[in-house]
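Visitor: Below is a structure I'd like to ask you about.
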Amino acid sequence: MDSEHSSKYNLKAALKKDAVRLAVVILAAFVMAFNINSFINAGGLYPGGATGLTIIIQRIALKYFAVEIPFTPINVVLNAIPVYIGFRFIGKRFTLFSMIMVVTSGLFVDLLPYYTFTNDELLVAVFGGLLNAVAITMCLNVDATSGGTDFISIFLSQKKGIDAFPYILGGNIVLLTIAGLLFGWDKALYSMIFQYVTTTALHTLYRTYQQKTLFIITDMPDDVCSLIYETCGHGATLIDGEGSFAHKNKKIVYSIVSASDTRKLIPKIKELDPGAFINSVRTEEISGTFYMRPRD
């Protein structure tokens with residue numbers, strides 16, 4: 001009976017988690033579509049990735065062939081290969097919720113009316129970039145993406161240990177060059193501001209792929225090491241130290257963890273050892289194996 005009760009509880013918890021996940025993804029899709037119709041299209045901007053390429057194809061068809069193509073079918077086709085990468089290498093449920101994001105945001109773009117808040121292109125680029133970052137962060141926080149290059153970026157960084165930023169940046173430069181040649185360089189330059197704001201805001205809002213180096217001086221080194229492993233799945237190194245004032249031997253726990261994990265890990269360490277001294281340092285680059293939780 002206990003096993004049956006536990007199984008039912010786990011199923012109920014999983015369903016509740018998926019319901020919240022679905023609601024957040026749909027809300028993020030609405031925010032993304034609202035941003036496209038109210039800022040990106042109003043300012044004639046070009047976001048990066050599959051969304052930017054979709055918009056360029058739409059505008060080429062409209063300008064040169066007088067054909068208005070819906071957003072959804074183009075975006076879905078362009079996401080076909082990234083979706084395959086997601087299913088094959090990242091996680092099936094992760095990819096499923098990302099597909100829901102791609103399809104739902106496309107439908108919202110096609111259904112929602114256009115609305116212009118301001119004609120100031122700089123304001124459009126800045127606030128559009130912020131709103132874009134918010135929508136992407138909402139997805140990432142519930143283990144989903146907005147599609148396109150996000151799949152490729154996660155695949156390269158999580159599975160191959162490669163920094164995807166140079167490749168994504170190179171692709172976006174190509175997109176903006178095409179947009180500049182076809183539609184004018186002023187829109188392309190404002191789009192650079194849009195993409196810079198998005199990247200900067202994402203760096204602040206989403207920290208899973210950032211790392212922190214922790215130096216912890218504690219009288220309970222073994223317990224702290226166990227806590228780091230239980231909370232983050234990372235090991236630690238013990239370093240012998242000596243206080244310069246009292247000349248007492250101390251153990252220094254050295255570990256690198258995800259920046260997002262420090263929010264829950266540091267309070268737990270202070271609860272375990274109130275006298276612990278913790279120095280958290282931003283890590284720019286690591287070489288070697290760094291454990292990342294697999295996507296579902």
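Visitor: Assess whether Ala28 counts as being touching a Ser or Thr at 6+ places or on another chain (Cβ under 7 Å), among the hydrophobic types (A, V, I, L, M, F, W, C), surrounded by 19 or more Cβ atoms within 10 Å (Cβ to Cβ) and assigned to a helix (DSSP H, G or I).
Guide: no
Visitor: Check every one of the strands (runs of 3 or more DSSP E) wholly within the range 233-296 and list those with 2 or more residues that are at pLDDT below 80, on the phi < 0 side of the Ramachandran plot and among the charged types (D, E, K, R).
Guide: Output list is empty.
Conditions (1) within 22 Å of Val174 (Cα to Cα); (2) buried (at least 16 other Cβ atoms within 10 Å of the Cβ); (3) among the aromatic types (Phe, Trp, Tyr), marked per residue:
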{"residue": "Leu53", "(1), (2), (3)": "yes, yes, no"}
{"residue": "Tyr64", "(1), (2), (3)": "yes, no, yes"}
{"residue": "Pro70", "(1), (2), (3)": "no, no, no"}
{"residue": "Phe108", "(1), (2), (3)": "no, yes, yes"}
{"residue": "Pro113", "(1), (2), (3)": "no, no, no"}
{"residue": "Thr116", "(1), (2), (3)": "no, no, no"}
{"residue": "Ala144", "(1), (2), (3)": "no, yes, no"}
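Visitor: Please verify whether the range 247-269 includes one or more residues that are closer than 20 Å to Thr51 by Cβ and touching a Gly at 6+ places or on another chain (Cβ under 9 Å).
Guide: no
Visitor: Let me ask another. Go through the range 36-48 and report how many residues are surrounded by fewer than 24 Cβ atoms within 10 Å (Cβ to Cβ) and touching a Leu at 6+ places or on another chain (Cβ under 8 Å).
Guide: Number of matching residues: 2.
Visitor: Having 3 or more residues that are over 22 Å from the mean Cα position of the chain (by Cα) and over 30 Å from Ala14 (Cα atoms) is the bar; report the helices (runs of 4 or more DSSP H) wholly within the range 46-148 that clear it.
Guide: 49-65, 71-78, 121-141
Visitor: Test each condition in (1) at pLDDT below 80; (2) closer than 16 Å to Tyr196 by Cβ; (3) hydrophobic (A, V, I, L, M, F, W, C) for Leu122 and report the one that comes out false.
Guide: For Leu122, the failing item is (1).
Visitor: Additional query: Considering only residues that are without any contact (Cβ under 8 Å) to a residue 60 or more places away in the chain and among the small types (Gly, Ala, Ser), which ones fall in the range 185-232?
Guide: Ser226
Visitor: Here are some residues: Lys270, Lys212. Which one is under 30 Å from Thr137 (Cα atoms) and buried (at least 19 other Cβ atoms within 10 Å of the Cβ)?
Guide: Just one listed residue meets the conditions, Lys212.
The values are calculated or read from the model by the stated rules, or taken from the named source; none is laboratory data. None of the values given here were measured: they were computed from a predicted structure. For neighbour counting, all protein chains shown are included, and Cβ atoms are generated from backbone atoms with ideal geometry for every residue, glycine included.
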